[in-house]
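**Q** The structure is given below, and queries will be raised subsequently.
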């Protein structure tokens, strides 16, 4: 926990996440060989440690952990999107919440920001070799189920940038087969939007265009999030008009299971629980 002086400063101001991380990440408590965690100005009882640290980390496949290097989890009350200056344009309407920003500029806040400005998580990449990944989460008023999704989504983004390209190439092959068979739907909103953007411009079956690669990135991250979340917790895939058919989803999950076998004692598919 930060000192009383540090907390008083945080109460009066909103600290940029980059500055906050530099000040406190070295005080993080090790948890296993990959992760450390640091809880700042949020109560952290034994049940919280189990729900927010122990259970989600224990569910990560060994091959996922092996590729991550070192990572520090920062638990803070709230994370706020910084105000980003948007150039004026007479022809285009720009919205500040859609403008890209450096996550180092995210703000650590004690009081809840307005909902449009609230961030569930932020990520700071290592600045040098052997430095850890920094994963920050605003967890005040957030239940463990929502946190688990945010955690596995953040880890899935890391996996995308740290894992061998052979895995990504194999996943892209699955997507091309789906597109060729006109498979409808996706796993989550980001991949669904990327798929629609792709299909508006091209079939997506041939080549590796910018639109296809962006769709493949979003789809891999969303599907891996579901895969990891499902290993950890008993979750349901909500049916809906944009949800991909179960036969296609199962093939994706089988591919991920072959690449990233779950830890011993965990299951991916219901039938595995009977064995």
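The values are calculated or read from the model by the stated rules, or taken from the named source; none is laboratory data. Quick caveat: nothing in here was measured; it's all calculated off a predicted structure. Ideal geometry is used to build each Cβ from the backbone, glycine not excepted, and the neighbour counts take in all protein chains shown.
**Q** Sort out which residues of segment 93-128 are out of contact with any helix residue (DSSP H, G or I) (no Cβ under 9 Å at 6 or more places or on another chain), modelled with pLDDT under 90 and closer than 20 Å to residue 23 by Cα, and write them in order of number.
**A** Selection gives 127, 128.
**Q** Can you name every residue in segment 107-126 that is farther than 13 Å from residue 142 by Cβ and assigned to a strand (DSSP E or B)?
**A** Across segment 107-126, the qualifying residues are 107, 108, 109, 122, 123, 124.
**Q** Taking residue 230, is it in contact (Cβ under 8 Å) with a residue 12 or more places away in the chain and touching a strand residue (DSSP E or B) at 6+ places or on another chain (Cβ under 7 Å)?
**A** On the way: in contact (Cβ under 8 Å) with a residue 12 or more places away in the chain: yes; touching a strand residue (DSSP E or B) at 6+ places or on another chain (Cβ under 7 Å): no.
No, not satisfied.
**Q** Output the residues belonging to segment 227-238 that are surrounded by fewer than 14 Cβ atoms within 10 Å (Cβ to Cβ) and over 24 Å from residue 181 (Cα atoms).
**A** Here is the first cut: in segment 227-238, the ones surrounded by fewer than 14 Cβ atoms within 10 Å (Cβ to Cβ) are 234-238.
Those that are surrounded by fewer than 14 Cβ atoms within 10 Å (Cβ to Cβ) and over 24 Å from residue 181 (Cα atoms): 234, 235, 236.
**Q** Of the residues that make up segment 184-202, is at least one in contact (Cβ under 8 Å) with a residue 40 or more places away in the chain and at positive phi?
**A** yes
**Q** Next up: What helices (runs of 4 or more DSSP H), lying completely within segment 1-75, carry at least 1 residues that are closer than 29 Å to residue 167 by Cβ, within 21 Å of the chain's Cα centre (by Cα) and modelled with pLDDT of 95 or more? Talk me through it step by step, then tell me what you get.
**A** Values: elements: 4-12, 17-24, 46-49, 55-58, 62-68.
Once the helices (runs of 4 or more DSSP H) in segment 1-75 are filtered for at least 1 residues that are closer than 29 Å to residue 167 by Cβ, within 21 Å of the chain's Cα centre (by Cα) and modelled with pLDDT of 95 or more, what remains is 55-58, 62-68.
**Q** Of (1) buried (at least 21 other Cβ atoms within 10 Å of the Cβ); (2) assigned by TED's automatic domain parsing to the domain that holds residue 255, residue 151 satisfies all except one. Which?
**A** Only one criterion in (1) buried (at least 21 other Cβ atoms within 10 Å of the Cβ); (2) assigned by TED's automatic domain parsing to the domain that holds residue 255 is unmet by residue 151, namely (2).
**Q** Quick one: residue 157 ticks every box in (1) in contact with a strand residue (DSSP E or B) (Cβ under 9 Å, 6 or more places away or on another chain); (2) within 26 Å of residue 68 (Cβ to Cβ); (3) surrounded by 20 or more Cβ atoms within 10 Å (Cβ to Cβ) except a single one, so which number is it?
**A** Result: residue 157 fails condition (3) only.
So that you can scan it fast, the table gives a plain yes or no per residue for (1) surrounded by fewer than 19 Cβ atoms within 10 Å (Cβ to Cβ); (2) under 19 Å from the mean Cα position of the chain (by Cα); (3) modelled with pLDDT under 90:
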{"site": "206", "(1), (2), (3)": "yes, no, yes"}
{"site": "220", "(1), (2), (3)": "no, yes, no"}
{"site": "225", "(1), (2), (3)": "no, yes, no"}
{"site": "240", "(1), (2), (3)": "yes, no, yes"}
{"site": "250", "(1), (2), (3)": "yes, no, no"}
{"site": "271", "(1), (2), (3)": "yes, no, yes"}
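**Q** Which one of these does residue 140 not meet: (1) in the same structural domain as residue 27 (by TED's automatic domain parsing); (2) buried (at least 18 other Cβ atoms within 10 Å of the Cβ)?
**A** Among (1) in the same structural domain as residue 27 (by TED's automatic domain parsing); (2) buried (at least 18 other Cβ atoms within 10 Å of the Cβ), residue 140 violates only (2).
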